1. Highest mean first, what order results for 146-152, 71-77 on Cβ atoms within 10 Å?
2. What is the fewest-to-most order of Val251, Val163 by other Cβ atoms lying within 10 Å of their Cβ?
3. Taking 0.36 nm per residue of sequence separation and subtracting the Cα-Cα distance, how much length would be gained by fully extending the chain between Ile30 and Leu242, in nm to one decimal?
4. So, in nm, how far is label Leu253 from label Leu192 when the simple model puts each one 7 Å beyond its Cα toward the Cβ?
5. Near Lys260, which lysines are there with a Cα under 17 Å away, not counting those fewer than 8 places off in the same chain?
6. Just order 27-40, 104-117 by mean Cβ neighbour count inside 10 Å, highest at the front, would you?
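Readers should treat all values here as calculations from the given coordinates under stated rules, not as data from a laboratory. Model, not experiment: these values are computed from the prediction. So basically every Cβ, Gly included, is an ideal-geometry build from the backbone, and we count neighbours across all protein chains shown.
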Amino acid sequence: MSRVLRVLASTFALSASLTLVYRANILFYIAIQIARIGGQFLTVAAGYDFAGGEISGWTRDQAMLLTAVNALSEQMFSCFFINSLFNVTPGVWTGKFDFVLLKPLHPLLSMVAAGRFSVASMPNLVIAMGPIIYFARSAEHLQDFWTYGLLVVLVLVGVAVRVAIGLLCMATMFFSERMAHAEESYWAVNSLTRYQMEIYPGWLRHIFTYALPLSAIAYVPVSVLTGSYSGRTVTTSLAVCLLFVFGAAKVFLSCVRRYKSVNSG
């Protein structure tokens with residue numbers, strides 16, 4: 001465990017030093033994030049105003065809260081995992097993935113160390129938390145400490161699900177190096193997490209709950225804040241997410257074994 005922490009600390013230090021060489025990037029990323037989140041909120045506001053203030057039993061403030069939690073989860077993924085995952089594609093194309101596998105680390109930890117953190121995006125985590133605090137004020141079930149603690153756990157679990165989806169998308173690169181749209185596939189799948197599950201047909205909700213647990217990324221955490229969850233719902237979601245993340249890691253590692261260096265696909 002101490003070795004893992006040392007690797008993560010050194011990776012953060014290297015990432016920070018490289019970021020500070022281009023300090024203007026931090027301001028650029030902050031501006032982009034504000035514009036991006038603002039655009040999502042405007043879209044939700046326009047849709048709910050057009051629908052009369054309620055869609056599938058959700059009020060506009062609840063939908064805004066869902067958008068804010070989803071944005072925070074997305075930023076956490078972008079800060080700590082996006083480089084590690086999406087560098088797989090050029091690594092396989094050029095053979096540089098060899099250097100990841102040759103490190104005396106577990107392949108997944110080696111990917112994190114090689115990909116570096118997006119330090120310039122970290123101020124956006126604070127920006128993403130602002131709307132959560134603002135819209136959560138209208139929730140009626142926030143008063144106890146355990147609700148906040150459960151929210152934090154569920155958001156972290158949602159980030160783990162994002163990583164697992166990314167691993168499954170990137171795993172296709174080891175079957176054919178021409179699978180150049182793996183990254184686009186990831187973003188297409190995760191775009192479905194911006195909406196409450198009630199808008200989807202029942203069969204699709206079951207898939208997003210028990211097979212591909214997209215509901216765990218933002219929907220379940222928000223249901224904790226709004227008080228519309230049950231202990232069984234949360235327990236089931238955590239169990240499904242654990243199996244999904246573990247399974248995705250196993251699938252990715254089995255696909256890595258197909259890699260034989262440059263042009264192996």
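1. Numbers: 146-152: 13.1, 71-77: 24.0.
My ranking of the peptides, most packed first, is 71-77, 146-152.
2. Working: Val251 14, Val163 22.
The fewest-first ordering by Cβ neighbours comes to Val251, Val163.
3. Values: separation 212, 0.36 × 212 = 76.32 nm, distance 3.25 nm.
Result for the pair: 73.1 nm of gain on full extension.
4. Result for the modelled spin labels: 2.7 nm.
5. Within reach: Lys96, Lys103.
6. Details: 27-40: 14.3, 104-117: 17.6.
By packing density, highest mean first, the sequence is 104-117, 27-40.
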